[in-house]
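Every number here is computed from the coordinates shown, using simple stated rules; none is lab data. Predicted, not measured: the structure shown is a model, and the values here were computed from it. With ideal geometry, Cβ positions are generated from the backbone for all residues, glycine too; neighbour counts draw on all protein chains shown.
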Amino acid sequence: MNIIICGAGRVGFTIAKLLREQNHSITVIDQSGEDIQKINDTLDVKGIVGKATYPSVLEKADGANADMIIAVTRNDEINMLICQIAYTVFKIPKKIARIRSQDYLNPRFSKVYNKENLPIDVIISPEIEIAKSIQRKLEAPGAQDNIPFADNKIRLLEINVDKGCPLINIKLNALTKKFPKLEAHILGVIRNEKFIILKKTDVIEENDNAYVIINSSQMQQTLQAFGHNKKISNKILIIGGGNIGFNLAKNIENSFEDARIKIIEKDKDRAEFIAKELNNSIIINGNGLEEDVLTEANLNEIETVLALTNDDEDNLMVSVLVEKFSKDKRTMALINKPNYSLLQSSLKIDDLIDPRMNTVSSILKHVHKGSIENAYSILNGEYEVIEAEIIETSELINKELKNSNLPEEIRIGAILRGEEIIIPRSNFVFQKKDIVVFLAKINQLPLVENMFRISSI
């Protein structure tokens, strides 16, 4: 596909890199000559310096022949205007915009977004996506991530293999005998910053990050098999009542009946606003970096602390203070600067949340064609876990898995057939309408699209 990306920041750069590796033709537009120079020096894409709201600039980017435009500049209104011009002047079929302002996202105003008014096909809200991501993590204590597929019937769990994990040094082909009733499939692990697709005779090692496809009904059993026996946190402290913290609290109130949420917000007006909007959360107006404020929040009874302010340094410091004053808490910190991830282990933070990859992953799943319904990026987008339906023209129909000629870098995880979840063996036979969840390296995605016979945008 011919894809135009407007905005050459961290998100735009990452999307351009990953889509080019999928062999798409990419053009990036940004007003910053420095950012475009970095694009041109680093990636095999076309970089244009200019305003993407100018029709002449979009024309220079060959807007008339573009299949998709992705607007991820730092300004909501500019992203919206880009989509309008892309549709009105160039009839670009698919338009994706990043929009941060919650007012634009109010469901009461959703009728604004249509061909007659504002023609945006997909709206990505980083704050909402991050809130959803954190909630998924809370629902799977012991997992680094928890991604739903196939109408929530199948899950992808990212599980850290700790020192006490009972699966260490056990061969994969022995796990089935050890857990015969467990419907789970280890797709691979991140080991020494590389993703490895494990063979049947390979073993799991300490400090691996394992990616496991499971039957959603067996999430607790799977986590227990990896040595994680923690219960879902009901006592949660959120530092920062911005859009992420606020949306998360709303989600938790709606999903966790027994949850007790406290939010520390230092801006008085914002604290008063979220206090009015939330039903069962306690709002404390104060600075989460101050010991007396943490004492007021009764830190000792809290099970999970989420540092979600707009300041990376504050989020790291809050996590350090929690460890100092009240140990054995699960801590998560929102971090925008990638270098800070190096401090995670030394600061004893359980999880760092990267807004960039959340946004990138949300956008990439809308780039795939036709019967590909969902996708999740692993290791900065080098691999994806994908959900796709087997349609009648697919060459996989009636083939056994062992005879499907899938390359090593594509691994079938699970299948939803009707209401049945299947962890496939070598003699599994694909059928029409099977929902398949599988792992693929991004350079294999053209092959994936061909095998599933995907033909429409």
Open item on the list: Treating only the Cβ of Lys, Arg, Asp and Glu as charged (+1, +1, -1, -1), what charge dipole size does the range 209-344 show about its Cα centre? Round to the nearest 20 debye.
Closed with: 500
TODO: Quick one: P(r) of the range 155-309 from all Cα-Cα pairs, 10 Å bins, percents rounded to integers, in order of increasing distance.
DONE: 10, 31, 21, 22, 13, 2
Task: trypsin sites (Lys or Arg not before Pro) lying in DSSP loop within the range 73-140, provided at most 14 other Cβ fall within 10 Å - done: 74, 91, 115
TODO: Please report, in debye to the nearest 20, how large the charge dipole of the chain is about its Cα centre when each Lys and Arg carries +1 at its beta carbon and each Asp and Glu carries -1 there.
DONE: 1100
Task: Computed Kirkwood radius, in angstrom, where 1/r is averaged over Cα pairs of the chain - done: 23.6
Task: Footprinting exposure proxy for 295, 27 (fewest neighbouring C-beta atoms within 10 Å first) - done: 295, 27
TODO: Per residue of the range 133-140, in order, report the coupling 6.51 cos²θ - 1.76 cosθ + 1.60 (Karplus, θ = phi - 60°) as ³J(HN,Hα) in whole Hz, putting x for Gly and Pro.
DONE: 4, 5, 4, 4, 5, 5, 6, 10
Open item on the list: Give me a comma-separated list of calculated 3J(HN,Hα) values for the range 424-439, in order, Karplus coefficients 6.51, -1.76, 1.60 applied at θ = phi - 60°, integers in Hz, x for any Gly or Pro.
Closed with: x, 9, 4, 8, 5, 10, 6, 10, 4, 6, 4, 9, 10, 10, 8, 9
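Add +1 for every Lys or Arg and -1 for every Asp or Glu among the other residues with Cβ under 14 Å from the Cβ of residue 232, and state the total.
Details: positive: 136, 137, 230, 231, 235, 260, 330; negative: 139, 257, 258, 303.
Net local charge, residue 232 excluded: +3.
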TODO: Of the DSSP beta bridges with both residues in the chain, give the percent that are antiparallel, rounding to the nearest 5.
DONE: 55
- [ ] Would you pull out the residues with amide H under 5 Å of residue 413's amide H, same chain only if 5 or more places away, H placed 1.01 Å from N?
- [x] 437, 438, 439
Task: Residues of type lysines that residue 432 reaches as a straight line, Cα spacing below 22 Å, ignoring anything fewer than 8 places off in the same chain - done: 153, 369, 399, 402
Task: Global geometry of the range 54-161, whether rounded, prolate or oblate, following the gyration tensor of its Cα atoms and the 1.5 cut on a/c - done: prolate
Open item on the list: Multiplying the sequence separation of residue 282 and residue 426 by 0.36 nm and subtracting their Cα-Cα distance, what value in nm do you get?
Closed with: 46.5 nm
Open item on the list: At 7 Å along Cα-to-Cβ for each site, give me the label-to-label distance between residue 273 and residue 205 in nm.
Closed with: 4.9
TODO: Subtract the Cα-Cα distance of residue 229 and residue 392 from 0.36 nm times their separation in residues, and report this length gain in nm to one decimal.
DONE: 54.4 nm
TODO: Hand me the tally of lysine pairs in the range 43-121: alpha carbons under 13 angstrom apart, and the pair either on different chains or 8 or more positions apart.
DONE: 5
Open item on the list: Under the rule of at least 5 residues apart or a separate chain, name every residue whose amide H is placed under 5 Å from the amide H of residue 5.
Closed with: 27, 28, 29, 70
- [ ] Convert each backbone phi in the range 115-122 into a coupling constant with the Karplus relation 6.51 cos²θ - 1.76 cosθ + 1.60 (shift: θ = phi - 60°), then list the ³J(HN,Hα) values in order as whole Hz, x for Gly and Pro.
- [x] 5, 6, 10, 10, x, 10, 7, 9
- [ ] For residue 112 paired with residue 323, estimate the spin-label separation in nm (one decimal), with each label point 7 Å from Cα along the Cα-to-Cβ line.
- [x] 4.3
TODO: Among 309, 331, rank each residue by its count of other Cβ atoms within 10 Å, from fewest to most, as a rough exposure measure.
DONE: 331, 309
Open item on the list: Taking R0 as 30 Å, what FRET efficiency do you get between residue 192 and residue 290 from their Cβ-Cβ distance, rounded to the nearest 0.05?
Closed with: 0.15
Open item on the list: With a cut-off of 8 Å between alpha carbons and a minimum separation of six or more residues, what is the relative contact order of the chain in percent?
Closed with: 11
TODO: Excluding residues on the same chain fewer than 8 positions from residue 177, give the aspartates and glutamates whose Cα lies under 16 Å from its Cα.
DONE: 202
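What is the sum of charges around residue 155, taking Lys and Arg as +1, Asp and Glu as -1, for the other residues whose C-beta is under 13 Å from the C-beta of residue 155?
With Lys, Arg at +1 and Asp, Glu at -1, the net is -3.
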TODO: Please give every one of the lysines within straight-line cross-link reach of residue 266, meaning a C-alpha to C-alpha distance under 26 Å, and leave out same-chain neighbours fewer than 8 residues apart.
DONE: 132, 137, 235, 250, 276, 324, 327, 329, 337, 348
Task: Total formal charge among the other residues, if their Cβ is under 10 angstrom from that of residue 309, Lys/Arg +1 and Asp/Glu -1 - done: -4
TODO: First measure r as the distance between the Cβ atoms of residue 162 and residue 343, then evaluate 1/(1 + (r/R0)^6) with R0 = 22 Å and state the FRET efficiency to the nearest 0.05.
DONE: 0.65
- [ ] Mind listing the long-range amide H neighbours of residue 395? Cut-off is under 5 Å, sequence gap 5 or more, other chains count too, H placed in the peptide plane at 1.01 Å from N.
- [x] 453
Task: Compactness of the range 1-127 as Cα Rg over 2.2 N^0.38 Å, two decimals - done: 0.99
Task: Selected from 12, 119, 48, residue furthest toward positive end of dipole (the range 2-124; charges at beta carbon) - done: 119
TODO: Let me know the shape class of the range 362-451, please: from the alpha-carbon gyration tensor, a ≥ b ≥ c as square roots of the eigenvalues, rounded when a/c is under 1.5, otherwise prolate if a/b is greater than b/c, or oblate.
DONE: prolate
